[in-house]
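S.K.: Quick one: the structure is below, questions incoming.
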Amino acid sequence: MTNTDDDLGLISLDKANTESLEKGTILRSEYGSFECMYGFRPRDMEADIFCYSPSVGFRSQRQGKYWCFIKLEFGALVWTYNPTDTLLGLSIASNLYTLLPRGPNNYYGIHDKNRNLNKQATISAFGFTFEELSEIIQAYCKTFEIYRYQEGRITFSKTNDNQCDLTGNTIPQGFPYITFAPSDCLWSHISFIGFYSHLSLLIKNGNESALYQIMIDNGCPEELLKRVIEIPSQVSANRVCVSSY
């Protein structure tokens, strides 16, 4: 079902109270695309905190301080512009919210006020819905015969920030990632964009690749594989790596 502007609760960004925006605020451009403003991180950020809410960034800007926002884009946390500086005609989708894993539940997604998943916004932010990514991981594990304690799954850390074992990108506390091993082992922390990039390289020749067809035979819909191939080129901004910040 397609959401109307009323369903999304659109508020023009230039008329909104930007100093009250929470982590995971969803913006929509005049062309219908979605952005997830994950947070704000100043250069003097405390080491044990990954980022503040976007509202802190807008307050800092008003005070003339240096600012740097973080956006969630196709499963990658990237540095981004101040949204008020763009000419894209952005609006806040006030009826959408970003749901991250919590408690015993590893689920993520972007939902409306009636708890219905907004698939378009979820894909723009995370690359795939929870169910789609689970299908890809299951087919990947079957393809490479990864079983038992090394079988891939979506998880998160309740207490620590981590680094992706493939890319070095920061995986903040409470943010979903993929694990293929116990938490103290190599390949236990794989970021979404790290996994997408890895798999995209392996199947970059599409149906000319033997692995591409094996993934399909093992239960991965071809439409998802086609999207995997494209994602790395869709993430153009610098990814967040706090260890080198």
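S.K.: Mind checking whether some residue in the range 97-114 is more than 19 Å from residue 174 (Cα to Cα), at pLDDT 90 or above and not polar (S, T, N, Q)?
M.R.: So the first thing to find is which residues in the range 97-114 are more than 19 Å from residue 174 (Cα to Cα), and the list is 112-114.
Then drop every residue that is not at pLDDT 90 or above, which leaves 112-114.
Pick out the ones that are also not polar (S, T, N, Q) and you get 112-113.
The answer is yes; a qualifying residue exists.
S.K.: Find the residue count for the range 6-26, including only residues that are more than 15 Å from residue 97 (Cβ to Cβ) and not in a loop (DSSP other than H, G, I, E, B). Quick ask: steps written out before the conclusion?
M.R.: Step one: list which residues in the range 6-26 are more than 15 Å from residue 97 (Cβ to Cβ), which gives 6, 12-19.
If we keep only those that are not in a loop (DSSP other than H, G, I, E, B) too, we end up with 6, 12-15, 18-19.
Qualifying residue count, the range 6-26: 7.
S.K.: State all residues of the range 186-195 that are more than 16 Å from residue 172 (Cα to Cα) and in contact with a strand residue (DSSP E or B) (Cβ under 7 Å, 6 or more places away or on another chain); if no residue qualifies, say none.
M.R.: Of the residues in the range 186-195, the ones more than 16 Å from residue 172 (Cα to Cα) are 186-187, 195.
Hit for the range 186-195 is 195, nothing else.
S.K.: Filter the range 142-182 down to the residues that are assigned to a loop (DSSP other than H, G, I, E, B) and over 21 Å from the mean Cα position of the chain (by Cα) and list them by number.
M.R.: Taking the range 142-182 as the starting set, the residues that turn out to be assigned to a loop (DSSP other than H, G, I, E, B) are 144-147, 151-152, 156-161, 164-169, 172-176, 180-182.
Correct list: 144, 145, 146, 147, 151, 181, 182.
S.K.: OK, next. If I filter the range 42-62 down to residues being modelled with pLDDT under 90 and part of a loop (DSSP other than H, G, I, E, B), which single residue comes out as nearest to residue 122 (Cα to Cα)?
M.R.: This residue is 49.
S.K.: Residues that are assigned to a loop (DSSP other than H, G, I, E, B), at pLDDT 95 or above and surrounded by fewer than 17 Cβ atoms within 10 Å (Cβ to Cβ): does the range 187-195 have at least one?
M.R.: Going residue by residue through the range 187-195, those that are assigned to a loop (DSSP other than H, G, I, E, B) are 187-189, 191.
Pick out the ones that are also at pLDDT 95 or above and you get 187-189, 191.
Filter once more, so that each one left must be surrounded by fewer than 17 Cβ atoms within 10 Å (Cβ to Cβ): 187.
Yes, some residue in the range 187-195 is assigned to a loop (DSSP other than H, G, I, E, B), at pLDDT 95 or above and surrounded by fewer than 17 Cβ atoms within 10 Å (Cβ to Cβ).
S.K.: Continuing with the same structure: Suppose we keep only residues that are aliphatic (A, V, I, L, M) and under 19 Å from the mean Cα position of the chain (by Cα) within the range 84-101. Which one would you say is farthest from residue 119 (Cα to Cα)?
M.R.: We begin by selecting, within the range 84-101, every residue aliphatic (A, V, I, L, M); these are 87-88, 90, 92-93, 96, 99-100.
After this cut, where a residue has to be under 19 Å from the mean Cα position of the chain (by Cα) as well, the list is 92-93, 96, 99-100.
Details: 92: 17, 93: 14, 96: 11, 99: 13, 100: 15 Å.
Taking the candidates together, the pick is 92.
S.K.: Of all the residues that make up the range 207-221, how many are at pLDDT below 95 and of a type outside the set (Ser, Thr, Tyr)? Reasoning before the result, please.
M.R.: Step one: of the range 207-221, the residues at pLDDT below 95 are 207-210.
Remaining after also requiring of a type outside the set (Ser, Thr, Tyr): 207-208, 210.
Count: 3.
S.K.: Right, here's the next one. Among all residue pairs at least 6 apart or on different chains, which show Cβ distances below 7 Å where the first residue, located in the range 222-239, is at pLDDT 95 or above and the second is part of a helix (DSSP H, G or I) and among the charged types (D, E, K, R)?
M.R.: From the range 222-239, the pairs are 224/132; 224/135.
S.K.: Return the residues of the range 196-245 that are buried (at least 17 other Cβ atoms within 10 Å of the Cβ), in a loop (DSSP other than H, G, I, E, B) and in contact with a strand residue (DSSP E or B) (Cβ under 6 Å, 6 or more places away or on another chain); say none if nothing qualifies.
M.R.: Matches in the range 196-245: 235, 240.
S.K.: Out of (1) within 26 Å of residue 48 (Cα to Cα); (2) touching a His at 6+ places or on another chain (Cβ under 9 Å); (3) touching a residue at least 40 places away in the same chain (Cβ under 8 Å); (4) crowded, with 19+ Cβ neighbours inside 10 Å, the odd one out for residue 163 is which?
M.R.: Of (1) within 26 Å of residue 48 (Cα to Cα); (2) touching a His at 6+ places or on another chain (Cβ under 9 Å); (3) touching a residue at least 40 places away in the same chain (Cβ under 8 Å); (4) crowded, with 19+ Cβ neighbours inside 10 Å, only one is false for residue 163: (4).
The values are calculated or read from the model by the stated rules, or taken from the named source; none is laboratory data. Computed from a prediction, not measured in an experiment: that's the story for all the values here. No Cβ is skipped: glycine too gets one built from the backbone with ideal geometry, and neighbour counts run over all protein chains shown.
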